[in-house]
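Q: Here it is: the structure, laid out below.
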Amino acid sequence: MPDETTLLADECAAEARAWLGTVAEIASGAAPESAIPLLLLTTSQVQLVGGRLGAIADIVLEERFERDPGPDTEMDPLRAGLAQLLEGVDDYADVVDPVTSTETTSGSLSNDLAVVAAALAHGLAHHDAGRPTEALWWWQYSYLADWGDRAAMAVRVLQTLLAHIRLDADADVVGEAEFDALHS
């Protein structure tokens with residue numbers, strides 16, 4: 001029977017695989033009309049994995065170093081696909097550290113999602129090599145250090161974009177759609 005660490009690693013791996021598959025499909029441009037809502041949904045779901053890892057005690061490696069999981073997965077095609085899909089809404093204003101500074105910078109949804117993808121894929125390499133503790137350690141560490149912040153920012157931007165899409169619509173067009181929906 002698997003121990004708690006292995007079970008948690010398996011659950012996290014399943015969620016990481018699902019997120020990576022969904023984002024890759026979205027980045028392919030297969031359904032551009034649903035890209036923003038689907039990215040919002042799937043990235044919100046993967047944040048639960050990170051939140052769970054952030055809430056538990058620190059994972060400690062069995063050895064004093066992380067074993068090399070092999071070459072990193074190439075994320076440029078994913079990043080490029082997302083950038084093309086999100087052209088015109090990819091860039092946004094960001095706060096460097098909302099706790100310690102009011103300094104602003106610019107951000108990019110495609111880059112944020114590629115950062116999350118790279119971190120999840122790196123952990124999957126450990127998991128697939130039979131090292132569940134290293135996978136959990138990597139996912140936890142990288143969640144706290146980087147991908148958690150990037151996923152949170154992506155969710156905020158995606159939710160804001162979705163709100164603009166839904167709420168800033170022309171009143172006449174919305175009225176006609178509502179009329180058609182009620183009388184069909």
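Q: Would you tally the residues in segment 48-66 being at pLDDT 90 or above and either open to solvent by 90 Å² or more (accessible area, probe 1.4 Å) or at positive phi (or both)?
A: Summing the residues that are at pLDDT 90 or above and either open to solvent by 90 Å² or more (accessible area, probe 1.4 Å) or at positive phi (or both) in segment 48-66 gives 2.
Q: Turning to a different aspect of this structure: Filter segment 82-102 for residues that are in contact (Cβ under 8 Å) with a residue 12 or more places away in the chain, open to solvent by 60 Å² or more (accessible area, probe 1.4 Å) and either out of contact with any strand residue (DSSP E or B) (no Cβ under 9 Å at 6 or more places or on another chain) or closer than 18 Å to V116 by Cα (or both) and give the result.
A: Result: Q84, D91.
Q: Sort out which residues of segment 15-38 are of a type outside the set (S, T, N, Q), in contact with a helix residue (DSSP H, G or I) (Cβ under 8 Å, 6 or more places away or on another chain) and in a loop (DSSP other than H, G, I, E, B), and write them in order of number.
A: G29, A31
Q: Now for a different question. Picking from L41, L144, L78, which residue would you name as being open to solvent by 20 Å² or more (accessible area, probe 1.4 Å) and within 15 Å of C12 (Cβ to Cβ)?
A: One residue alone meets the criteria, L144.
Q: Might you let me know whether segment 79-98 holds any residue that is assigned to a helix (DSSP H, G or I), of a type in the set (D, E) and under 18 Å from the mean Cα position of the chain (by Cα)?
A: So far as segment 79-98 goes, no, none of its residues is assigned to a helix (DSSP H, G or I), of a type in the set (D, E) and under 18 Å from the mean Cα position of the chain (by Cα).
Q: What are the residues in segment 103-116 that are under 17 Å from Q140 (Cα atoms) and surrounded by fewer than 24 Cβ atoms within 10 Å (Cβ to Cβ), if any?
A: V115
The values are calculated or read from the model by the stated rules, or taken from the named source; none is laboratory data. Everything numeric here is computed off the predicted structure, so don't read it as measured data. Glycine also receives a Cβ, built like all others from the backbone with ideal geometry; neighbour counts cover every protein chain displayed. For accessibility, only protein heavy atoms count, side chains too; no ligands or nucleic acids. Shrake-Rupley method; radii C 1.70, N 1.55, O 1.52, S 1.80 Å.
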